Every structure is written in C-alpha cells, then in structure tokens.
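Undergrad: Following this message is one structure expressed as structure tokens.
The values are calculated or read from the model by the stated rules, or taken from the named source; none is laboratory data. It should be emphasised that the depicted structure is a prediction, and the values quoted were computed from it without experimental measurement. Reconstructed Cβ throughout: ideal geometry from the backbone, glycine too, with neighbour counts over all protein chains shown. In case anyone asks, the SASA skips ligands and DNA or RNA and just uses the protein heavy atoms, side chains included. Shrake-Rupley method; radii C 1.70, N 1.55, O 1.52, S 1.80 Å.
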Amino acid sequence: MLEIYINYMLENLSDQRIRNITLILSKVSATFTSATLTKLSLSYSISAAASSSLGLRVAIESALTTWATRGVFVAGVYGYVQIASKAAERLLHKHSRYYRDLYNQDLEMLYFLIEPIINRVDVYNQFAKTDQDIASDILRITK
C-alpha cells in the first residue's frame, strides 16, 4: 500500500530529479544510500524503510492491539469493519485514484492501518514541490 502511494509521489519526475531526491535522502538517512536510480527501486526502498520504521509499527500495533483486546467478538468485528469502511470512505473522497488502485488489489479495507502515516503527506500539487519538499515528505512517511 505504501509503495503505491510513494509511486504517486514520484510519478512524472525526471530521472535527474529522482537522483537529486535520492542524494538528499542519502545525506539524511543511510536507508536510502543503496543504488536507487529508478522510480520503482526508490519507491520500494522508501516503502521498506517506512514499513520497518517505528512510526508504522506503532500505528499498526496500536490498531491491532485495540481490536485484539475487544471482549465481545461480534462487537469487535463490527467495530473493525465500521472503522475500516469509514477510513476507506475518507480515502475515496480524499484520494479517489489511490482508493481505486487499492480496491483493485482488495486492499482498501486495510487502509485504516496506514492512514495515520499517509496523512503526514499531501500529494496534491506534487508537480509544484521542489526536490527538497518531496524528500521531506518521504522522511515524514518513514519516521
């Protein structure tokens, strides 16, 4: 799910801009120092870094712990489905293209797990952002 989102952040960027962003990221974090010269490999590297980051782990563990401690199974399942569907509905209105891509892969109901991470970054007006702005957005996702 994160890789799809990162691809949105990097789409329509030239190879030179990708290299600049990679250089900026490599100065800040060793995670990005591998040879990430293409959009695909950069988006995968960022997704991997975000997945292993403490922020994502805490968000997912927090969400899973909430549901694991529910006393009543039916109420827990209903609550899970309700929260997941509300998150999916928010996604549909906020990022309809991203929702469609997640829906095509049957992932839209899991969006609530990464919603706090995704909300750290705004992909609107991506074309107007500088390389430094994009690198800062990527760092916000991975922290």
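Undergrad: Scanning for something assigned to a helix (DSSP H, G or I) and at pLDDT below 85, does the stretch 88-95 turn up at least one residue?
TA: First, pick out the residues of the stretch 88-95 that are assigned to a helix (DSSP H, G or I): 88-94.
From the residues that got through so far, the ones that are at pLDDT below 85 too are none.
The answer is no, given that none of the residues of the stretch 88-95 is assigned to a helix (DSSP H, G or I) and at pLDDT below 85.
Undergrad: Mind listing just one residue for me: the one in the stretch 106-134 that is among the polar types (S, T, N, Q) and in contact (Cβ under 8 Å) with a residue 24 or more places away in the chain and, of those, surrounded by the most Cβ atoms within 10 Å (Cβ to Cβ)?
TA: Filtering the stretch 106-134 down to residues among the polar types (S, T, N, Q) leaves 119, 125-126, 130, 132.
Next, only the ones that are in contact (Cβ under 8 Å) with a residue 24 or more places away in the chain stay: 126, 132.
On the way: 126: 17, 132: 11.
Across the stretch 106-134, the extreme among qualifying residues is 126.
Undergrad: Would it be correct to say that residue 56 is within 18 Å of residue 120 (Cα to Cα) and either modelled with pLDDT under 65 or of a type in the set (S, T, N, Q) (or both)?
TA: Taking the combined requirement at face value, the residue satisfies it.
Undergrad: What residue, among those in the stretch 77-100 that are basic (Lys, Arg) and either touching a strand residue (DSSP E or B) at 6+ places or on another chain (Cβ under 7 Å) or under 20 Å from residue 120 (Cβ atoms) (or both), is least open to solvent (accessible area, probe 1.4 Å)? First the steps, then the outcome.
TA: Here is the first cut: in the stretch 77-100, the residues basic (Lys, Arg) are 86, 90, 94, 97, 100.
Remaining after also requiring either touching a strand residue (DSSP E or B) at 6+ places or on another chain (Cβ under 7 Å) or under 20 Å from residue 120 (Cβ atoms) (or both): 86, 90, 94, 97.
Working: 86: 104, 90: 118, 94: 83, 97: 102 Å².
Checked the stretch 77-100; the qualifying residue least open to solvent (accessible area, probe 1.4 Å) is 94.
Undergrad: Restricting the search to the stretch 126-143, which residues are closer than 15 Å to residue 23 by Cβ and part of a helix (DSSP H, G or I)?
TA: Taking the stretch 126-143 and keeping what is closer than 15 Å to residue 23 by Cβ, we get 130-136, 138-139.
Result: 131, 132, 133, 134, 135, 136, 138, 139.
Undergrad: Same structure, new question: Could you check the stretch 79-106 and list, in sequence order, the residues that are more than 21 Å from residue 9 (Cα to Cα) and basic (Lys, Arg)?
TA: Going through the stretch 79-106, the residues more than 21 Å from residue 9 (Cα to Cα) turn out to be 79-86, 89, 106.
86, the sole residue that qualifies.
Undergrad: Do we have residue 24 as modelled with pLDDT under 90, under 20 Å from residue 137 (Cβ atoms), open to solvent by less than 70 Å² (accessible area, probe 1.4 Å) and more than 19 Å from the chain's Cα centre (by Cα) here? Please lay out each step first, then the result.
TA: Values: modelled with pLDDT under 90: yes; under 20 Å from residue 137 (Cβ atoms): yes; open to solvent by less than 70 Å² (accessible area, probe 1.4 Å): yes; more than 19 Å from the chain's Cα centre (by Cα): yes.
So residue 24 fits the description; yes.
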